[in-house]
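Structure first, commentary second.
The values are calculated or read from the model by the stated rules, or taken from the named source; none is laboratory data. Being a predicted model, the structure only gives us computed values, none of them experimental. Every residue, glycine as well, gets a Cβ built from its backbone with ideal geometry; the counts of neighbours run over all protein chains shown. All accessible areas refer to the heavy atoms of the entire protein, side chains included, with ligands and DNA or RNA removed. Shrake-Rupley method; radii C 1.70, N 1.55, O 1.52, S 1.80 Å.
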Amino acid sequence: MNKRIRPWQRMMVLAIGSVVLAIFAPTVVQAADPPNLQSLSETTIKLQISIDTIWVLITGFLVFFMQAGFAMLEAGFSQQKGVVNALLENFVDAAVTILAWWAIGFGIAFGTSAGGLLGTDTFFLSQLPNSDGIYPMGAPGSMAAINTYTLFFFQFAFAATASTITTGSLLGRTDFIGDLIYSAVMGAFSYPIIVHWAWNVDGWLSKLSYHDFAGSSIVHSVGGWTALVGAYLLGPRPGRTPWGTPPPAHNLSLVTLGTMILWFGWYGFNPGSTLGAGNTGLIGLVTVNTTLSAGAAALAAMIFQYIRTSKWNLEYCLNGSLGGLVAITAACAYVVPWAAVLIGLTAGILVVLGIDLIESLKIDDPVAAFSIHGINGMMGTLSVGFLGQAELTLNKKAGLLLGGGIELLGIQLLGVVAIAVFTVGLSFVMFAGLKAIGRLRVHPEGDRLGIDVYEHGASVWPDVYAVDKLVEEKKYHPKSSDVTTFENE
């Protein structure tokens, strides 16, 4: 049975507690000093960096997911006997690019500049956390307020895109080792050098206030020009249709799925290039402009092709939307919405005319890579010089059509020409070298059997068309219509 606590005992406990509180309370209060302006400022900065980092990583994930879009698109446009090859090349391009970008590419792109031409350090991600555990921020050539590793990943996703654009144009007839080699060269040298010129703070084009917000010329025209040179030196696919009529896609469902994934991924490509979430108005403008241009381009290409053929063509509608996305990528932060619609309408028509041009030159480009990425990458970059809004451009100069004179357009034209000349020259050396050592075109037996069987020993539909059955048929019918010899004309 508990004893009853007497009043004097209660008084004793309260007295002892008061003494203890009197002794230790000042220390407790001192440890929980109220926040001051300095501590609030530091907390705000840390919070902003955290939000920006999350934003850039999420948008970088979206850009990387575009690899799936390219894989589906290219698998759909390829011949049935080349689907496995298209899927593997798209997948392995990312694997090759990440290692090339880590070892060399990122350093050339964002390292300390040598005369505005290329970077000279930051190879192999040489910055390690400091002795106090603080991770490095940005890079010598970037003022982005995110850590180096986040910046590296986001820019890697762009590098992988440039290589994959080229892969689409060379579908179905490229030696697999040759694909690995040119992907590595693009990730290590050809693409990073252009990035340094335009996106490194000390690059020579950057110092001229060259405007390419998310890469119409830096990513897409580089991929487009490289694709054109490669397709020219490689020659056409075996058994393709007569010139003037591009071979139809073997699976329009895959093409449609791939295109929609790419459109979705573009919301990482363009809005993510803000490299931070602080300017919400800019993010909104970029997102709206991107969507308007894609929609306008899809309708323009579809209607223009209908006028010519009296058919509502799905392929041209899909390709048109991609052309609009490419074109607005440079200008999305520098123009107002009505200009984005105009850019998209122009892009859609250029896709159709571009396909006609490439066919007339007898160059086999299965996914219209040059028409979409090359032509519209250049047009979109030049559009800043015509339609740039003075309040939005980097140098506060308006485009030619808005009364700003020729200055901005001149800078844009200089950059577009410089990028084209350098990329074409380097690509020609690269692909000609591969051709000289027999690593550009797949072995003639690959053309005869089909590249999936020859290079990979696989069929995308083995239960419908087994590899053994295909090899046996080709063995007894060596003069199959699949076998065609082409020469560049």
Query raised in the report: Which distance in Å, rounded to a whole number, links the C-alpha centroids of the stretch 247-284 and the stretch 52-88?
Result: 11 Å
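Using only the heavy atoms of the protein chains and a 1.4 Å probe, how would M379, M143, M260 rank by accessible area, largest first?
Sorted descending by solvent-accessible area, the residues read M143, M260, M379.
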Query raised in the report: How much of the accessible area of the stretch 258-385, in percent, comes from carbon and sulfur atoms when a 1.4 Å probe is used?
Result: 75 percent
Requested in this report: Counting other Cβ atoms within 10 Å, keep those with at most 15, restrict to DSSP loop, and tell me which trypsin sites (Lys or Arg not before Pro) in the stretch 375-437 are left.
Outcome: K396
Query raised in the report: Does the stretch 106-182 classify as rounded, prolate or oblate by the C-alpha gyration tensor (a ≥ b ≥ c root eigenvalues; a/c under 1.5 gives rounded; else a/b over b/c gives prolate, otherwise oblate)?
Result: prolate
Report task. Arrange the residues S206, S131, S383 by how much accessible surface each exposes, largest first, with a 1.4 angstrom probe. Result -> S131, S206, S383
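Rounded, prolate or oblate: which fits the chain, taking a ≥ b ≥ c as square roots of the Cα gyration tensor eigenvalues, rounded meaning a/c under 1.5, else prolate when a/b beats b/c?
prolate
Loop only per DSSP, at most 14 neighbouring Cβ atoms within 10 Å: give me the GluC sites (Glu not before Pro) in the stretch 337-411, ordered by residue number.
Details: sites: E359, E391, E407; in loops: E391.
Loop-located and lightly packed - E391.
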Query raised in the report: If one takes the longest principal axis of the Cα atoms in the chain, at what angle in degrees, from 0 to 90 and to the nearest 10, does the Cα axis of helix 148-169 lie?
Result: 10 degrees
Query raised in the report: Using the Cα gyration tensor of the stretch 205-271, with a ≥ b ≥ c the square roots of its eigenvalues, what is the shape: rounded (a/c below 1.5), prolate (a/b larger than b/c) or oblate (neither)?
Result: oblate
Query raised in the report: Cα axis of helix 7-31 to longest principal axis of the chain: angle in degrees, 0 to 90, nearest 10?
Result: 50 degrees
Query raised in the report: So how much accessible area does V96 have, in Å² to the nearest 10, using a 1.4 Å probe?
Result: 30 Å²
Report task. Report, in deg cm²/dmol and to the nearest 500, the calculated mean residue ellipticity at 222 nm for the chain, where each DSSP H run with n ≥ 4 adds -39500 (n - 2.57) and the sum is divided by the residue count. Result -> -20500 deg cm²/dmol
Query raised in the report: For the stretch 72-223, which whole-number percentage of the solvent-accessible area (1.4 Å probe, protein heavy atoms only) is attributable to carbon and sulfur atoms?
Result: 72 percent
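How many Å² of accessible area per residue for the chain, probe 1.4 Å? Spell out each step's value before the answer.
Details: 21800 Å² over 489 residues.
Value returned for the chain: 45 Å² of accessible area per residue.
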